[in-house]
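K.L.:
Can you keep this structure in mind? I'll have questions shortly.
The values are calculated or read from the model by the stated rules, or taken from the named source; none is laboratory data. Being a predicted model, the structure only gives us computed values, none of them experimental. Quick reminder, even Gly has a Cβ in these numbers, built from the backbone with ideal geometry, and neighbours come from all protein chains shown. These accessible areas exclude ligands, DNA and RNA; they are computed on the full protein's heavy atoms, side chains included. Shrake-Rupley method; radii C 1.70, N 1.55, O 1.52, S 1.80 Å.
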Amino acid sequence: FVFIRATAGNNKVDKRFEDNWQAARDNKIMRGAYHYYRPNENSIEQANLFIKTVKLKKGDLPPVLDIEKLPENQSIDNLKKGLKRWLNKVEEHYQVRPIIYTGERYYDDFLKEEFGEYLFWIANYNFYREKIEKDWLFWQFTEKATLPGIKHQVDVNIYNGDLEQLQFITVE
């Protein structure tokens, strides 16, 4: 599987998204798209940009909300309201619950309690684990991997399940 950045904030479409999205499909790689959330921008505008950019098809992974930064000029409560607005708008459009991507510390400090109904993709590069935490759907364990056909380093993830379980969460 591969996750491809589609959008960031309320105005940025990744310039390689269309090519990467199509290449994944052409190479029969299970694919998912993610949005890099900017806390200081309107959440509905961000959701609308993602929806306009990403056309999910049967077999694609659910949309992903990538939240890594804290807001500069709003409270954590308002940040959480914005995240929920993005998640609800995207879920309503695609008819599938999004996945939340974040760092382990951010997850523990701000998201674990109030967003417990979502599946999580957690980044933690600090140490190797024998087992993935049970509430992590995906674990991103490095951002320094190399893969044939890709000129730069990439992130690598482990899925916490088997192929049948992964296929179960894909878009119908």
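K.L.:
Provide the net charge surrounding Phe1, with neighbours chosen by a C-beta distance below 13 Å and charges set as Lys +1, Arg +1, Asp -1, Glu -1. Mind dumping the intermediate values first?
P.N.:
On the way: positive: Arg25, Lys28, Arg31; negative: Asp60, Asp155, Asp162.
Local charge sum for Phe1: 0.
K.L.:
Related question: Give me the 1.4 Å probe accessible area per residue for region 47-129, excluding ligands and nucleic acids, in Å². Write out the running numbers ahead of the final one.
P.N.:
Values: 4430 Å² over 83 residues.
For region 47-129, the solvent-accessible area averages 53 Å² per residue.
K.L.:
If you stretched the chain out fully between Asp155 and Glu172, how much longer would it get, using 0.36 nm times the residue separation minus the C-alpha to C-alpha distance? Numbers along the way, then the final one.
P.N.:
Values: separation 17, 0.36 × 17 = 6.12 nm, distance 2.68 nm.
Result for the pair: 3.4 nm of gain on full extension.
K.L.:
Something else now. Which of Phe17, Phe1, Val154 sits farthest toward the positive end of the charge dipole of the chain, with +1 on the Cβ of Lys and Arg and -1 on the Cβ of Asp and Glu?
P.N.:
Phe17
K.L.:
So, R0 is 30 Å and r is the distance between the beta-carbons of Lys15 and Asn78; what FRET efficiency does that work out to, to 0.05?
P.N.:
Values: r = 31 Å, r/R0 = 1.03.
With R0 = 30 Å, the Cβ-Cβ based efficiency is 0.45.
K.L.:
Could you please state how large a percent of the accessible area of region 1-141 is carbon and sulfur, counting protein chains only and using a 1.4 Å probe?
P.N.:
Working: 3450 of 7660 Å².
Looking at region 1-141 in its full context, I get 45 percent from C and S.
K.L.:
With respect to the cross-link table entries Lys81/Lys151; Lys80/Lys151; Lys58/Lys84; Lys12/Lys81, which display a Cα-Cα separation exceeding 31 Å?
P.N.:
Numbers: Lys81/Lys151 39 Å; Lys80/Lys151 37 Å; Lys58/Lys84 25 Å; Lys12/Lys81 22 Å.
Table pairs above 31 Å Cα-Cα are Lys81/Lys151; Lys80/Lys151.
K.L.:
Taking the mean number of other Cβ atoms within 10 Å as a proxy for protection, how do you rank 4-15, 45-56 from highest to lowest? Write down the numbers at each step before the final one.
P.N.:
On the way: 4-15: 17.2, 45-56: 19.1.
With the highest mean Cβ count within 10 Å placed first, the list reads 45-56, 4-15.
K.L.:
Once you've got the GNM for the chain with C-alpha springs shorter than 10 Å, pick whichever of Asp66, Asp108, Asp26 has the biggest mean-square fluctuation.
P.N.:
Asp26
K.L.:
What does the helix-only formula give at 222 nm for the chain: each DSSP H stretch with n ≥ 4 adding -39500 (n - 2.57), the total divided by the residues, and the result rounded to the nearest 500 deg cm²/dmol? Working shown, then result.
P.N.:
On the way: 4 runs with 46 residues, N = 172.
Value at 222 nm, helices only, nearest 500: -8000 deg cm²/dmol.
K.L.:
What residue among His93, His35, His152 has the largest mean-square fluctuation in a Gaussian network model of the chain, using Cα springs under 10 Å?
P.N.:
His152
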